[in-house]
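S.K.: Attaching a single structure in structure tokens format; questions to follow.
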Amino acid sequence: MELRETNIDKLDDGHFDVLIVGGGINGAVSAAVLAGRGARVAIVDRGDWAGFTSQESSNLVWGGFKYLENYELLLVRKLCVSRNRLLKAYPANIEQIPFLASLDESSPFPPALAALGTVGYWGIGSFRTKAPRALRAAKIKRVEPVVNTATVRGGIEYYDAILTDNDARFVFSFVRSAMDAGAVAANYVELVSAERRDGRWHAALRDGETGREFTTTARMIVNAAGPFIDGLNNEWNLRTEHRIVYSKGIHLVVPRLTKNHRVLAFFDDTQRLFYVIPMGKRSVIGTTDTRVSDPVSHVTDEDRTFLLEQINARLELAQPLTEDDIIAERCGVRPLVVSNDGDDQTDVDWTSLSRKHEIEVDRAKSVISIFGGKLTDCLNVGEEVAEAAEHLGLPLIPDEGDWFGEPPEATRKEFFRQARLMNLDDLRDKPDVEPLSTRLWRRYGRRAFAMLEAIREDPRMGEDIMDSADYLRVELERAAHTEMITRLEDFLRRRSKISLVVDETDVDQSEGLREVAEILFDDQAEAKLEEYFSTRARESQVSDATK
């Protein structure tokens, strides 16, 4: 909490080169690159970092194999190159993973054509992943016995990538990188209004926690508001060539359906792709693709029923999945880019709209707008925003590529050497979990060294903070001071993924939950717990209303 309050003080009557509005992946990566290249940057979000669209992804880092269907070869090439860069820059956080697609009567393509597509996809990606292969139905059954191959004509296996942790934490890593480079960042800070005068933007801001209002100025604004980008541009009377439309996607988190670490892909009855994606001890089923007019969306009973029916028809499970098996749900909108020519896009094939992005610059008002995009494309977005800022006259130091990525190999080796000397991985005996050293390095990089020292000094720091969760007391102690956790949900849902993989009843009844609140919020712990349970009750009412 102290970090956030310090940054708000810096925002109050502050003067910056760039004010970034929106703390999803687009805003976070923009802050990281601009601060890393010497700009005075401020970034705010009216919610938490990655608290809207960016926390609802599939956790996949992929080149867009399905976009080949619409011959978007340049987009696929661009995404594959970005995927390859991310794999190289984040070897502990992003890993290759096989996609096994079973093709039955609902598939729009025969297996032979799909296999040809995987070879082309592999080549477009510069052959940087493992080679694809075609599979007969019998082979699919051998490698994935859970798949119902009764009507399967064949299949394909190709490789893309996946985030080992969760999307929201990956987004926060860019915010943290920006702060390390001198950026001022504050979550739960709302942009009330912004007016351009005397060659600068004068922004009125409000602290969502205290109600405190203050102003800050900036030479230019980056509109990274995601699904809300058009509303801000309209307020500023900006005319843009593009705008956003919304597609709702949902995921259901259920007990692990296969022990194999791969993504299972199927075409549903409407010939749209959906997946079974690994998430530790869980599986994630999704996503759907539903056109909506409101960026605020919820999982409906119809959504749940549809996905459960589709997966039960394609897997041979001991017992069919029911709503009782759902551990958590994810629901968000994809901000899809369309031309701002007045057409409401009702005659457009909805599923043909890709996750491309567009960067627009208003030179007269010094506003950079980021339309669309996806996690895989984040490095491209950051670099294009920096280029746009330079075109607006902002001097930046040369890009050395040090605003993203993990620490160098020598630093990693030294961390694991120290971890071995203190027998870190022997501190736990939980079955089927990754070594502590691997997890701490992946999540914290250089900051993990201080955690080793804290565990040496106090062995309690190496204990799990909650019974059902995979999270150490030392992680929480450090998070309280460095990760700007403002509400309990920020920790449970975004800095960790506890609420995604642990049943909510187990979370609520955990003896460690109160200690979590006390470590994070000190004398505000009781109020934060009450706030958390009140929010949960309201969300439950909304969920019940959708049924």
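S.K.: Find the relative contact order for the chain and round it to a whole percent, using C-alpha pairs within less than 8 Å whose residues are 6+ positions apart.
M.R.: Working: 1031 pairs, mean separation 102.5, N = 547.
Once normalised by length, the contact order is 19 percent.
S.K.: So what J values fall out for the stretch 214-228 if you push phi through Karplus, 6.51 cos²θ - 1.76 cosθ + 1.60 with θ = phi - 60°, rounded to Hz, Gly and Pro as x?
M.R.: So the Karplus estimates, Gly and Pro as x, are 7, 10, 8, 10, 8, 5, 8, 10, 9, 8, 10, 7, x, x, 9 Hz.
S.K.: Between Asp198 and Arg363, what's the calculated FRET efficiency when r is the beta-carbon distance and R0 is 22 Å? Round to 0.05.
M.R.: Rounded to the nearest 0.05, the efficiency is 0.80.
S.K.: With unit charges on the beta carbon (Lys/Arg positive, Asp/Glu negative), name the residue among Leu520, Asn423, Met466 whose Cα is farthest towards the positive pole of the charge dipole of the stretch 409-545.
M.R.: Highest projection toward the positive end goes to Asn423.
S.K.: Run through the DSSP bridge list for the chain and note the antiparallel percent, rounded to the nearest 5.
M.R.: Bridges in the chain are about 75 percent antiparallel.
S.K.: State, to one decimal in nm, how far the label point of Phe533 lies from the label point of Val433, with both points 7 Å from Cα in the Cβ direction.
M.R.: 2.6 nm
S.K.: May I pose another question? Which of the lysines could a cross-linker bridge to Lys356, judged by Cα under 29 Å and excluding same-chain residues fewer than eight apart?
M.R.: Here the lysines satisfying the reach criterion relative to Lys356 are Lys66, Lys78, Lys88, Lys130, Lys248, Lys365, Lys374, Lys497.
S.K.: What residues from the stretch 158-177 fall in the zone where the backbone N is under 16 Å from a label point 7 Å along the Cα-to-C-beta line of Thr258?
M.R.: 158-162
S.K.: What whole number of Å gives the distance from the Cα centroid of the stretch 1-48 to the Cα centroid of the stretch 154-196?
M.R.: 12 Å
S.K.: Where does each of Ile311, Ile370, Ile519 land when they are ranked from fewest to most other beta-carbon atoms within 10 angstrom?
M.R.: Ile519, Ile311, Ile370
S.K.: Sequence neighbours fewer than 8 away in the same chain don't count; with that in mind, list the aspartates and glutamates whose C-alpha is under 14 Å from Lys10.
M.R.: Glu2, Asp207, Glu213
S.K.: For the stretch 28-156, what is the relative contact order in percent, using Cα pairs closer than 8 Å and at least 6 residues apart in sequence?
M.R.: 21 percent
S.K.: Which semi-axes, in whole Å and largest first, does the equivalent ellipsoid of the stretch 409-545 have when worked out from the alpha carbon gyration tensor as the square roots of 5 times its eigenvalues?
M.R.: Working through the eigenvalues yields semi-axes of 30, 15, 13 Å.
S.K.: Please name which of Trp62, Ser247, Val41 has its Cα lying farthest along the dipole of the chain towards the positive end, using unit charges on Cβ (Lys, Arg +1; Asp, Glu -1) and the Cα centre as origin.
M.R.: Trp62
S.K.: Then there's this: Just rank Ser247, Ser496, fewest to most, by other beta-carbon atoms within 10 angstrom. Please report the intermediate quantities before stating the final value.
M.R.: Values: Ser247 20, Ser496 28.
Ascending Cβ contact count within 10 Å gives the list Ser247, Ser496.
S.K.: From Cα pairs below 8 angstrom and at least 6 apart in sequence, can you work out the relative contact order of the stretch 409-545, rounded to a whole percent?
M.R.: Over the stretch 409-545, the number comes to 17 percent.
S.K.: Could you tell me the convex hull volume per residue, in Å³, taken over the Cα atoms of the chain?
M.R.: With only Cα atoms used, the chain gives 154 Å³ per residue.
S.K.: Moving to a separate point now. Counting other C-beta atoms within 10 Å, which of Leu492, Leu427 has the fewest, and how do the rest follow?
M.R.: On the way: Leu492 23, Leu427 15.
Ranking Leu492, Leu427 by Cβ neighbours within 10 Å, fewest first, gives Leu427, Leu492.
S.K.: On average over all directions, what projected area in square nanometres does the stretch 1-135 have, based on the convex hull of its Cα atoms?
M.R.: 11.4 nm²
S.K.: If you build the Cα gyration tensor of the stretch 414-473 and take the root of 5 times each eigenvalue, what three semi-axes come out, in whole angstrom, biggest first? Could the numbers behind the result be given before it?
M.R.: Numbers: eigenvalues 57, 32, 26 Å².
Taking √(5λ) for each Cα gyration eigenvalue gives 17, 13, 11 Å.
Values quoted throughout were computed directly from the atomic coordinates according to the rules given, and no laboratory measurement underlies them. On a predicted model such as this, the values are computed, not experimentally measured, just so you know. Positions of Cβ are backbone-derived with ideal geometry, glycine not excepted, and every protein chain shown enters the neighbour counts.
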